[in-house]
Amino acid sequence: MRKSFTLTVLFASAACLTALAGKNASSPAHQTASGYWVEEAGMKKFKVGRHPAMSAAEAEAAYKRPASGKVWNVARAMSLDEVNTLEVMPGDKVLFECGGVWRGQLLPRSGKPGHPVVYGAFGEGAKPVIEASWDKSGVGDWREADGLWVAEAGASADIGNIIFDHGANGCAFKKCFLKDVKDDLDFWCDPKTFAVHVKSDANPATRFKSIELCEKKHCIDESKMHDVVYDGLHLRYTAAHGIGGGSVKRITVRNCDISWIGGGYLYYDKKGNGVRYGNGIEFWANCEDVVVESNRVWECWDAGLTNQSNKDGAVQRNIVWRGNEVWNCEYSYEYWQQGEAARTENVLVENNIFRDAGKGWGHRQRWNPNAAHLMFYDTTAQTAGFVIRGNLFSRSANTLFRLFNDWRKSMTVADNRWVAGSESICRFHGRPTEGLVYKYPDRLDQMHDDNLAEIESQTFSQPRVFKADELEPFLRFIGSRGGESAAARAAEPLPAASY
């Protein structure tokens, strides 16, 4: 049971906090430099100025900023809306309490070169969770109407997925039109009210202990941010991206867990079909000096990791994807750039473990299942210094590597391990880098079809599929070097999974 009052953020002086709690126990509050939050009639309100329980001397002591930056320890009772109002400055650390869960969206603040803002964790226990979902686990959250069960989430955007028992019992199957909701656990989200309509023989809350409705908003929206570090967080249950945004610089993501991502409608094509999306970590359009390392990413609708763009003049440079473990995503890593005069320079995909592409929740719901560990859609941007080395690519529902057009001269591939079963190692489509009739994925605006005949209708060389037993021809084709031969790898055990 929640206590009648809590200190929702811990910072600076313990003496100041003790005084604040003692003087205002009936009205819990926390102070920022410009004002304070107070609870009145069960509602949190922001008021400008110094809280009356805090003296001027106490306020000055509490907000004297150390040279190394302020540490904001965020306790579990504090909301993300409150976190987003903190007056965070370069060099500060915003640390969430381990074991806590925060609902909504984190809007980070920028640091400056050499003095990033760090969003991380403190204490012991599970990584702090940020989830963009609505808990509808109560029997009273659902009502029966026209043979379906309906829940109003209070959302302001599309509900792209419904997750049962934190994924232990899977998820619902999203339908674009209400008339198609026919089978058990099919659902439709009303595009006007964002209420969900679920097919179920009984109230869903009697079948599952936990029901999470995933809203289409990033767990972290870092658009136009720079000099930020995310360390030791767990981002989950969004119908958009775990981390999303464009025009970023000097971003580090490390030691984070990102799971159950995507499924919302990005747009509707001319036939009225919703085109779904959602990546674990995405850098869109302009981005540079980015490091993503030692993260675990699973159950994403599209890619676990990606940098991509269709913006004219976009520049993506100095991007490192290193030491991550990705599984059960449609694509483990995805790259494409299609804007006019766009450039990509110095991308390193190194020492990652990519497993089971297309084995996650989204694959069977896609109209175009096309799983791959490396998904390189049509790329017309000038690309240089793209290195793929030391990775494990293990098993896929379709292929390990999908390459739409030929930019092999810009790509260095070395010392990777390719493990296929009955699926192919690589599907090369042989498309040109200029004069394309349809650019992928913009072509979905024109036609809701992903058949190979259309994709390969515009080629400059013969498309090629490298089967599981054609590793050596594939390595020659891709220009690979290093110890990747079938003989060298046959007896080597696969690294153990961390999950």
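Just so it is clear, none of the values below were taken in a lab; they were calculated from the coordinates. Everything numeric in this text was worked out from a predicted model, so none of it was measured. A quick note on method: Cβ atoms are made from the backbone with ideal geometry, for glycine too, and the neighbour counts reach across all protein chains shown.
Counting only residues 5 or more places away or on other chains, whose amide H sits under 5 Å from the amide H of K112 once H atoms are built in the peptide plane?
Close amide H contacts, sequence-distant or interchain: G91, V117.
Once every Cα of the stretch 271-428 carries one equal point scatterer and solvent is ignored, give the base-10 log of I(q)/I(0) from the Debye formula at q = 0.11, 0.21 Å⁻¹, two decimals.
Debye intensities relative to I(0), on a log10 scale: -0.39, -1.46.
Please list, in order along the stretch 129-138, the HN-Hα scalar couplings obtained from phi with the Karplus expression 6.51 cos²θ - 1.76 cosθ + 1.60 (θ = phi - 60°), rounded to whole Hz, x for Gly and Pro.
My calculation for the stretch 129-138 gives 9, 10, 9, 9, 10, 10, 7, 10, 8, x Hz in order.
Starting from the stretch 251-346, pick out the GluC sites (Glu not before Pro) whose DSSP state is loop and whose Cβ has at most 15 other Cβ atoms within 10 Å.
Hits after loop and neighbour filter: E340.
For A341 and S422, calculate 0.36 nm times their separation in residues minus their Cα-Cα distance, and state this gained length in nm to one decimal.
Going from the current span to full extension adds 25.2 nm.
Order of S110, S68, S137 from fewest to most other C-beta atoms within 10 Å?
S68, S137, S110
Apply the Kirkwood formula to the stretch 218-489: the hydrodynamic radius equals the inverse of the mean of 1/r over all pairs of different alpha-carbon atoms; give it in Å with one decimal.
Kirkwood hydrodynamic radius for the stretch 218-489: 18.4 Å.
Between A496 and S55, what's the calculated FRET efficiency when r is the beta-carbon distance and R0 is 45 Å? Round to 0.05.
Here the calculated transfer efficiency is 0.20.
Give me the distance in nm between label points sitting 7 Å out from Cα along the Cα-to-Cβ direction at R364 and Q382, one decimal.
4.8
With each pseudo-label sitting 7 Å past Cα toward Cβ, what's the S156-T412 distance in nm, one decimal?
About 4.7 nm separates the two model spin labels.
Please rank H226, H115, fewest neighbouring Cβ atoms within 10 Å first, as an exposure proxy.
Arranged by neighbour count, lowest to highest, H226, H115 become H115, H226.
What is the stretch 251-308's relative contact order, in percent, from Cα pairs under 8 angstrom and six or more apart in sequence?
46
As an exercise, identify the trypsin sites (Lys or Arg not before Pro) in the stretch 177-207 lying in DSSP coil whose Cβ has no more than 10 other Cβ atoms within 10 Å.
When the trypsin sites (Lys or Arg not before Pro) of the stretch 177-207 are filtered for loop state and at most 10 Cβ neighbours within 10 Å, K182, K192 remain.
Which whole-Hz ³J(HN,Hα) couplings does the stretch 401-410 yield from phi under the Karplus relation 6.51 cos²θ - 1.76 cosθ + 1.60, θ = phi - 60°, glycine and proline marked x?
9, 10, 10, 7, 9, 9, 10, 4, 5, 8
For the stretch 224-239, take each phi angle, set θ = phi - 60°, evaluate the Karplus expression 6.51 cos²θ - 1.76 cosθ + 1.60, and give the result in whole Hz per residue in order, putting x for glycine and proline.
Each residue of the stretch 224-239 in turn: 6, 8, 8, 6, 10, 10, 10, 9, x, 9, 10, 10, 7, 6, 10, 8 Hz.
Mind jotting down the distance between the C-alpha centroids of the stretch 271-328 and the stretch 141-204, whole Å?
Here the answer is 28 Å between Cα centres.
Which loop GluC sites (Glu not before Pro) in the stretch 78-181, with loop taken from DSSP, have no more than 11 other Cβ atoms within 10 angstrom of their Cβ?
Those that pass, being in a loop and sparsely packed, are E124.
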